[in-house]
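Taking it in order: structure first as structure tokens, then the write-up.
The values are calculated or read from the model by the stated rules, or taken from the named source; none is laboratory data. Here the structure is a predicted model, which means the values were calculated and not measured. Heads up, the Cβs are rebuilt from the backbone with ideal geometry, glycines too, and the neighbour counts pull from every protein chain shown.
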């Protein structure tokens, strides 16, 4: 393995990606920019992003930036020419936005993703797609295995389920090497606050400002928080695995209650903020924890960043 990343400890890059040409859709966003960081200098990196959420300030030097929307067929076709691997991170990541604007969210997350997959098929490029734990909805049991019932509770979850299944289907129908990664609750530097994916950012901002830390509901609901560095590692491993045409959970295999998270944030920041409790969010699931045994076995994936260490890094300033 070789290594490459702009800041912090380098992330190991599998030898199979060295010298490859890769495209990161949504590469100016939270997770996508970290993938680009890990690969720059080791591979030829292209980033396609419409900058609706992302910013070019997150991009490392020596990447080829293409400002375009994934729904633009011509732009995507041009972007994938000569590409070996596509890391598909682009899309609406807001559950609330999908509820407020379901048609617009569908066009981005489902139609746009189909454009990316079809362009990949034309050039036989491997695709690693960003799916979500939202596809499971209220789990019947935890930890949640990949075979668990899929019963999403939001348009976003339905859209990610469509992407998840389309990604696998393209392997079955066309022989395209594809992998779908079902992210649990990702956190880390460059994240913006939104729903539970950004609850850590919300809590940190409140604690550091000396404001009350607001906890939805009673705070007993649990989540599996996985650091973006580990998510990047899962993506790189998926880009070289022989286990294509399938999906993998990406989490830590451990969960924490939202109330406990708030208290930990208060401790690591040295804040005296009080915890206040608001009404539960409609449709909020009570428990979530990833079964990552499949990813361990087939990808060699192992989470490396503990929640405490990840929070401490963010408090110290981390990588922005």
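From the list 238, 243, 247, pick out the single residue that is in contact with a helix residue (DSSP H, G or I) (Cβ under 9 Å, 6 or more places away or on another chain) and surrounded by fewer than 18 Cβ atoms within 10 Å (Cβ to Cβ).
243
Just one of 297, 259, 267 is without any contact (Cβ under 8 Å) to a residue 60 or more places away in the chain and more than 18 Å from residue 202 (Cβ to Cβ); which is it?
Result: 297 is the single residue among 297, 259, 267 that is without any contact (Cβ under 8 Å) to a residue 60 or more places away in the chain and more than 18 Å from residue 202 (Cβ to Cβ).
Residue check, residue 301 against (1) out of contact with any strand residue (DSSP E or B) (no Cβ under 6 Å at 6 or more places or on another chain); (2) farther than 28 Å from residue 234 by Cα, all met but one. Which one?
With (1) out of contact with any strand residue (DSSP E or B) (no Cβ under 6 Å at 6 or more places or on another chain); (2) farther than 28 Å from residue 234 by Cα applied to residue 301, the lone miss is (2).
Which of the residues that make up the stretch 172-190 are surrounded by 18 or more Cβ atoms within 10 Å (Cβ to Cβ) and closer than 22 Å to residue 110 by Cβ?
Step one: filter the stretch 172-190 for residues surrounded by 18 or more Cβ atoms within 10 Å (Cβ to Cβ), giving 176-190.
Once the filter is applied, which keeps residues that are surrounded by 18 or more Cβ atoms within 10 Å (Cβ to Cβ) and closer than 22 Å to residue 110 by Cβ, the stretch 172-190 yields 176, 177, 178, 179, 180, 181, 182, 183, 184, 186.
Taking the stretch 122-137 as the search range and keeping residues that are outside any helix (DSSP H, G or I) and over 20 Å from the mean Cα position of the chain (by Cα), which one is surrounded by the most Cβ atoms within 10 Å (Cβ to Cβ)?
125
Okay, residues lined up against (1) without any contact (Cβ under 8 Å) to a residue 60 or more places away in the chain; (2) under 14 Å from the mean Cα position of the chain (by Cα); (3) within 23 Å of residue 77 (Cβ to Cβ):
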site	(1), (2), (3)
11	no, no, no
18	yes, no, no
23	no, no, yes
33	no, yes, no
36	yes, yes, yes
47	yes, no, yes
50	yes, no, yes
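Go over the candidates 233, 205, 190 one by one and state the one that is modelled with pLDDT under 95 and within 19 Å of the chain's Cα centre (by Cα). It would help to see each step written out before you state the result.
Numbers: 233 fails: modelled with pLDDT under 95; 205 fails: within 19 Å of the chain's Cα centre (by Cα).
Within the list 233, 205, 190, the selection yields 190.
In the stretch 41-121, which helices (runs of 4 or more DSSP H) lie fully inside it and hold 1 or more residues that are buried (at least 18 other Cβ atoms within 10 Å of the Cβ) and modelled with pLDDT under 95? Give the steps one after another, and end with the answer.
Details: elements: 73-79, 95-100, 102-106.
The qualifying helices (runs of 4 or more DSSP H) are 95-100.
Among (1) within 26 Å of residue 149 (Cα to Cα); (2) surrounded by fewer than 24 Cβ atoms within 10 Å (Cβ to Cβ); (3) in contact with a strand residue (DSSP E or B) (Cβ under 6 Å, 6 or more places away or on another chain), there is one condition residue 212 misses while meeting the rest; what is its number?
(1)
What is the residue count in the stretch 80-113 for residues that are on the phi > 0 side of the Ramachandran plot and in contact with a strand residue (DSSP E or B) (Cβ under 6 Å, 6 or more places away or on another chain)?
1
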